[in-house]
Amino acid sequence: MSQGNVNPRRIYVAGHRGMVGGAIVRQLSARGDTQIITRTRAELDLTSQAAVAAFFAAERPDAVILAAAKVGGIHANNAYPADFIYENLMIQGNVIHQAYAAGVQRLLQLGSSCIYPRAVPQPMREDALLTGVLEQTNEPYAIAKIAGIKLCESYNRQHGTDYRSVMPTNLYGPGDNFHPENSHVLPAMLLRFHDAVQRGLGQVTIWGSGTPRREFLHVDDMAAASLFVFDLAAEAYRAQTQPMLSHVNVGSGSDVSIFELAEIVARVTGFAGEIVTDPSKPDGTMRKLMDVSRLDQMGWRATIALERGIAETYRWFLDNQTALRAA
């Protein structure tokens, strides 16, 4: 790890079975100089303080990447708000504190763009944090993720650790959730257009006016950005951040309208019919774009173009659809 002023050989990746955690493990494995420590949920309950303390006391990793979280769509966040705030607070509190107790100096925790207020200037800058009211549908999850940032910053201030946070935009890619009811907009759209092609339909309807704009980042770019920030020398990281405003946005730096996204998905899936909008359905927030100038100044930019990334994701879906439908 040539960029950093530490060279951790044993890295604990929490959440290695998730889409982002899996991508991080793949990229760490490709380096060939790191021992990756993982535990499944069945092997280690991260909401248990005693279990996490015992794990860190036994394993003594050199560094930690915290990609574990309870996540879900709007329906799940609305239906189980207590679960989302409790489990995420416990996971973060246990992992971050026990990492400190075990002498871990370098930690990276992954958050979410939902930490920003509902009504915020676009693109969303890091200093927009805590400047307004959060989106009601995912407020419990967002508050937990904000607490994760402040945990890292507080341990840094009090204990001199080097704990960092990255906040990704909408992610997609291999390992995404293709559940017909609970998936996010991009996998849901891939499913809908794939089904239309399979059934020979001549028309696909998308919700809303098609004009809201969204930013998407391939999970492999997210993994690369996470490891870039994780590896940065402390001086380089601190030069671009502030002690209590230290999180880093991660995104592609550009967005597309929902209708433009549908056109890309149509090309990728081979759908040649008509794309119709349904303005009677809600549009949601008109724009959500991350300001990635802080990360750009650090020296990293996304490299996977949206259409290429969607095509790769669709190929992964086709290769794994039997297993996905059985899950």
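For region 275-307, a residue qualifies if it is among the small types (Gly, Ala, Ser) and out of contact with any helix residue (DSSP H, G or I) (no Cβ under 8 Å at 6 or more places or on another chain), and the qualifying residues are SER280, GLY284, SER293, ALA305.
Can we say LEU151 is free of Cβ contacts under 8 Å to residues at least 60 places away in the same chain, assigned to a strand (DSSP E or B) and surrounded by 17 or more Cβ atoms within 10 Å (Cβ to Cβ)? The answer is no for LEU151.
Considered as a group, the residues in region 110-137 that are closer than 14 Å to VAL248 by Cβ and of a type in the set (Asp, Glu) include one that is farthest from the chain's Cα centre (by Cα), and that residue is ASP127. Would you be able to say whether some residue in region 78-98 is part of a strand (DSSP E or B) and among the aliphatic types (A, V, I, L, M)? Checking region 78-98: not a single residue is part of a strand (DSSP E or B) and among the aliphatic types (A, V, I, L, M). Checked against (1) on the phi > 0 side of the Ramachandran plot; (2) not in a loop (DSSP other than H, G, I, E, B), GLY103 meets all criteria but (2). When region 261-292 is filtered for residues that are touching a residue at least 24 places away in the same chain (Cβ under 8 Å), outside any loop (DSSP other than H, G, I, E, B) and not β-branched (Val, Ile, Thr), the ones remaining, listed by number, are LEU261, ALA262, ALA266, ARG267, GLU274, ASP278, ARG287, LYS288, MET290. Scanning region 307-327 for residues that are of a type in the set (A, V, I, L, M, F, W, C), in a helix (DSSP H, G or I) and either in contact with a strand residue (DSSP E or B) (Cβ under 6 Å, 6 or more places away or on another chain) or surrounded by fewer than 14 Cβ atoms within 10 Å (Cβ to Cβ) (or both) turns up LEU318, ALA323, ALA326.
Scanning region 158-179 for residues that are among the polar types (S, T, N, Q) and over 20 Å from ILE24 (Cα atoms) returns GLN158, THR161. Look at GLY22 and say whether it is farther than 21 Å from HIS247 by Cβ, in contact with a Gly (Cβ under 7 Å, 6 or more places away or on another chain) and in contact (Cβ under 8 Å) with a residue 60 or more places away in the chain. Yes.
Take ARG325 and decide whether it is of a type in the set (Lys, Arg), within 17 Å of ASN170 (Cα to Cα) and modelled with pLDDT under 95.
Values: of a type in the set (Lys, Arg): yes; within 17 Å of ASN170 (Cα to Cα): no; modelled with pLDDT under 95: yes.
For ARG325, the condition - of a type in the set (Lys, Arg), within 17 Å of ASN170 (Cα to Cα) and modelled with pLDDT under 95 - is not met.
Residues in region 106-148 that are among the charged types (D, E, K, R) and not in a helix (DSSP H, G or I) were compared, and the one that is farthest from TYR80 (Cα to Cα) is ARG106. Pairs meeting the criteria (first residue in region 185-202 and crowded, with 18+ Cβ neighbours inside 10 Å, second residue assigned to a helix (DSSP H, G or I), beta carbons under 6 Å, at least 6 apart or on different chains) are MET189/VAL265; LEU190/VAL265; LEU190/TYR314; PHE193/VAL265; PHE193/ALA266; PHE193/THR269; HIS194/THR269. Looking only at residues of region 101-140 that are touching a Cys at 6+ places or on another chain (Cβ under 7 Å) and at pLDDT below 95, we find that the one that is surrounded by the fewest Cβ atoms within 10 Å (Cβ to Cβ) is GLU135. Annotation note: Cβ proximity below 8 Å between a residue of region 40-63 that is under 15 Å from TYR100 (Cα atoms) and surrounded by 15 or more Cβ atoms within 10 Å (Cβ to Cβ) and a residue that is at pLDDT below 95 and of a type in the set (Val, Ile, Thr) (sequence gap 6+ or interchain) occurs for ASP62/VAL6; ALA63/VAL6. If I filter region 85-100 for residues that are farther than 21 Å from ASP162 by Cβ, of a type in the set (Gly, Ala, Ser), surrounded by 15 or more Cβ atoms within 10 Å (Cβ to Cβ) and in contact (Cβ under 8 Å) with a residue 24 or more places away in the chain, do I get at least one hit? The answer is no; no qualifying residue exists.
The values are calculated or read from the model by the stated rules, or taken from the named source; none is laboratory data. This is a predicted model, so every value here is computed, not measured. Ideal geometry is used to build each Cβ from the backbone, glycine not excepted, and the neighbour counts take in all protein chains shown.
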